[in-house]
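The values are calculated or read from the model by the stated rules, or taken from the named source; none is laboratory data. As the structure is a computational prediction, the values presented were derived from the model and not from experiment. All Cβ positions, glycine included, derive from the backbone under ideal geometry; neighbour counts span all protein chains shown.
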Amino acid sequence: MKKIERSLVIETIKNMIIESTKILDDKMISKLEESANLETNKLGKSVLNKILENASIAKEDNIPLCQDTGVLVCILEVGRNLVFDYDLTEAINRGVSLGYTEGYLRKSIVRHPLSRINTLDNTPAVIHYDLVEGDELVIHLAPKGGGSENMSRLKMLSPADGRDGVIDFVLETVKLAGGRACPPLIVGVGIGGNFETVAYNAKKALFRPIDDETKLDIDRKLEIELLKKINKLDVGPMGLGGLTTALAVKVNSAPCHIAALPVAVNLQCHSARKKEVTLVGKDY
Ligand code: SF4
């Protein structure tokens with residue numbers, strides 16, 4: 001069996017949060033640059049260039065890309081040869097607390113949705129665990145902005161609604177969101193599964209690299225068609241019009257009940273902050 005020290009998990013999470021909230025990854029920057037070059041709407045082009053300028057200032061001056069530093073979403077791939085003699089969830093949250101306080105990042109979590117008292121350190125994080133082969137802990141982390149999350153939607157379609165029903169729902173969601181989801185977007189789409197898995201699959205789709213294409217032909221065709229149709233909606237960067245409403249569409253599908261066709265749309269704003277780190281277990 002192998003072990004990863006609690007202190008290493010805490011330090012890693014802390015550093016990942018501080019870095020990801022201030023530096024957009026290179027692939028995201030390239031995609032924004034490519035879109036700014038192709039954008040024909042004057043206002044849309046100027047917004048894309050401002051987003052790029054903002055990213056460059058954030059990196060240079062070591063300040064957050066956006067005032068909304070989000071809810072911390074964590075997907076952990078846990079190697080089944082690892083042993084934890086401590087509470088991994090508690091360690092992750094300790095790292096979150098340190099990341100948000102030492103990084104001087106906005107704390108955006110309230111303890112209860114109705115009493116709305118701030119927890120003051122952005123805990124608890126939303127954590128998902130996947131058990132995998134091996135002795136590594138792969139941490140995928142994303143500080144997820146509230147604006148785009150608020151405009152995300154889920155619907156239990158009927159199988160008779162079919163592919164067209166899925167497309168209509170995704171387009172309706174992006175249109176309703178308008179500028180409030182801070183486009184250009186990455187659109188995560190879950191189809192199939194049940195009520196809870198469809199939402200998780202839409203979220204997981206957002207963790208795929210921006211240039212990643214699903215291997216499943218039926219889903220890839222849907223990704224291509226959706227991207228084309230979304231970019232014809234003329235929502236544009238920050239909702240001010242233009243060709244660039246979405247930078248990418250990611251579809252993740254799952255088997256489902258014969259009577260069901262669940263669909264979930266999780267929107268990611270242009271401040272698409274995420275990071276991945278692999279920790280390798282040492283002899284126990
Ligand atoms: S949705 Fe994204 S870009 Fe908009 S305020 Fe929130 S984090 Fe910032």
Do you know which of the residues in region 240-249 that are of a type outside the set (S, T, N, Q) and under 14 Å from Thr173 (Cβ atoms) is nearest to the chain's Cα centre (by Cα)? Val249
Select from region 177-209 the residues that are β-branched (Val, Ile, Thr) and within 16 Å of the ligand (Cβ to nearest atom) and list them in ascending order. Ile186, Val187
Pull up region 13-46, narrow it to residues that are surrounded by fewer than 22 Cβ atoms within 10 Å (Cβ to Cβ) and among the β-branched types (Val, Ile, Thr), then point me to the one that is farthest from Leu185 (Cα to Cα). Ile18
Please work out which residue is farthest from the chain's Cα centre (by Cα), limiting yourself to region 45-92 and to residues that are without any contact (Cβ under 8 Å) to a residue 60 or more places away in the chain and within 13 Å of the ligand (Cβ to nearest atom). Lys50
Do any residues in region 179-193 that are at pLDDT below 95 and among the aromatic types (Phe, Trp, Tyr) have Cβ atoms under 7 Å from those of residues that are more than 10 Å from the ligand (Cβ to nearest atom) and part of a strand (DSSP E or B), where the two are at least six apart or on different chains, and which pairs are they? none
Could you give every pair whose Cβ atoms fall below 7 Å, whose first residue belongs to region 147-161 and is under 28 Å from His270 (Cα atoms), and whose second residue is among the basic types (Lys, Arg) and surrounded by fewer than 16 Cβ atoms within 10 Å (Cβ to Cβ), counting only separations of at least 6 or pairs across chains? Gly147/Arg180; Met151/Arg180
So Leu137, is it within 16 Å of the ligand (Cβ to nearest atom) and either in contact (Cβ under 8 Å) with a residue 24 or more places away in the chain or of a type in the set (S, T, N, Q) (or both): no
